[in-house]
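Every read-out reported here was derived from the displayed coordinates using simple, explicitly stated rules and does not represent laboratory data. The structure presented is a predicted model; accordingly, all values stated were derived computationally and were not measured. Virtual Cβ from ideal backbone geometry, glycine too; neighbours counted across all protein chains shown.
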Amino acid sequence: MSTAVKERQAGGGAPQIGGASIHPADRNFRWLVIAAGVTVLVIMAAIAVFLVVKSIPAITTNSTSMWATEQWAPDSDPPSWGIAVLIFGTLWTAVIAMIIAMPIGVGTALFISFYASPRLSTALGFVVDLLAAVPSIIFGLWGLYFFMPQIVPLSQWLATYFGWIPIFENSQDLYTKSILIAGLVLAIMVLPTVSAISREVFLQVPKGHVESSLALGATRWEMIRMAVLPFSRGGVVSAAMLGLGRALGETIAVALILSAVFEINWQITEPGGNSIAANIALKWGEAGINGRSALIATGLVLFAITLAVNMTARWIVDRRKEFSGAN
């Protein structure tokens, strides 16, 4: 019997897991990643506690329902404010953005990954990554001074020919600073994120799957539909959720483009609308003590919405992980 075996039997030597000894560096790294995970949870809990504590004064003194659609007046006497309008504007603009950005972003990623030449693929990938790094204020200014005038004819066309659909109806005959324009700008902002992440997911598809499909006579689209998309479904969902998170939390671009009318309006071609993040940015400087507490309360709602979105995405990915296309 060797000396090493005798030492293990005697209880000496390095600790073991599954018959293999653990190197001290592995043990230290294990505790390091555990500490990192715990730190993230502590930070999230601290943010939640801060939001709840700071929101209590405004919630307890509010004279109306938090879900009311009245004018934002938390510093009046008595305080009166509701968050229904802000939740509606936040979700409505984000939904419009994702409806537009998802098919274009995924399509762009598929083109870069499977259709473009290597040189063109590299150039387009660089452009997409560059767009993802553009600050939101740039998108907001571009949307306000250049994009909005270009979209007005489209809004007029939608109201003229599809006005019988309630969301396209426009009784004011005004077409600027609308939910539609804000949603389009958000879609352009979200598009690079969705496209870049989807591209990386598509590039992880095993080459054997792609080549086997083509070798069996599948067209390129059939290969994508049967081999690429099933394998990448979880990653595409994650890309969509990350894009949705940015759309929900966008502040400056929405504040510049929307007219910030405090009412629920389903007509996307009419001026008006508001979002939680934009309302916080616009009202914080002029708010009093109770007003800032109310703004923090709306931030708490946005925090809960984003958390719910991420948990839903995690649930969807977990449901699909048993079939990844690699089995």
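Observations
- Length-normalised contact order for segment 248-303 - Cα pairs under 8 Å, 6+ apart - percent: 33
- Phi to ³J(HN,Hα) by Karplus 6.51 cos²θ - 1.76 cosθ + 1.60 over segment 227-239, Hz, x for Gly, Pro: 10, 7, 5, x, 5, 9, 4, x, x, 5, 4, 5, 4
- Cα centre as origin, Lys/Arg/Asp/Glu Cβ charges: the chain dipole, Debye: 1300
- Averaging Cα coordinates gives a centre for segment 57-111 and one for segment 121-161; these two points are 22 Å apart.
- Assuming charge only on the beta carbon of Lys and Arg (+1) and of Asp and Glu (-1), the dipole of segment 199-269 about its Cα centre is about 240 debye to the nearest 20.
- The string of couplings for segment 147-152 from the Karplus curve (6.51, -1.76, 1.60, θ = phi - 60°) is 6, 4, x, 6, 8, 4 Hz, one whole number per residue in order, with x for Gly and Pro.
- Summarising the amide proton neighbourhood of Gly82: residues at separation of 5 or more, or on other chains, whose placed amide H is nearer than 5 Å comprise Glu70, Ala73.
- Taking every DSSP helix (H) stretch of at least 4 residues in the chain, weighting each as -39,500 (n - 2.57) and dividing the sum by the residue count yields a mean residue ellipticity at 222 nm of -21500 deg cm²/dmol.
- Each of [x] 45, 33, 16; [y] 31, 25, 22; [z] 28, 26, 20 is a candidate for semi-axes √(5λ) of the Cα gyration tensor in Å; the one calculated from this structure is [x].
- Charge dipole of the chain about the Cα centre (unit charges at C-beta), most positive-ward option of Pro271, Leu295, Trp157: Leu295
- Across segment 167-180, computed HN-Hα scalar couplings (Karplus, 6.51 cos²θ - 1.76 cosθ + 1.60, θ = phi - 60°) run 6, 9, 5, 9, 8, 8, 6, 10, 10, 9, 6, 9, 4, 4 Hz from first to last residue, x flagging Gly and Pro.
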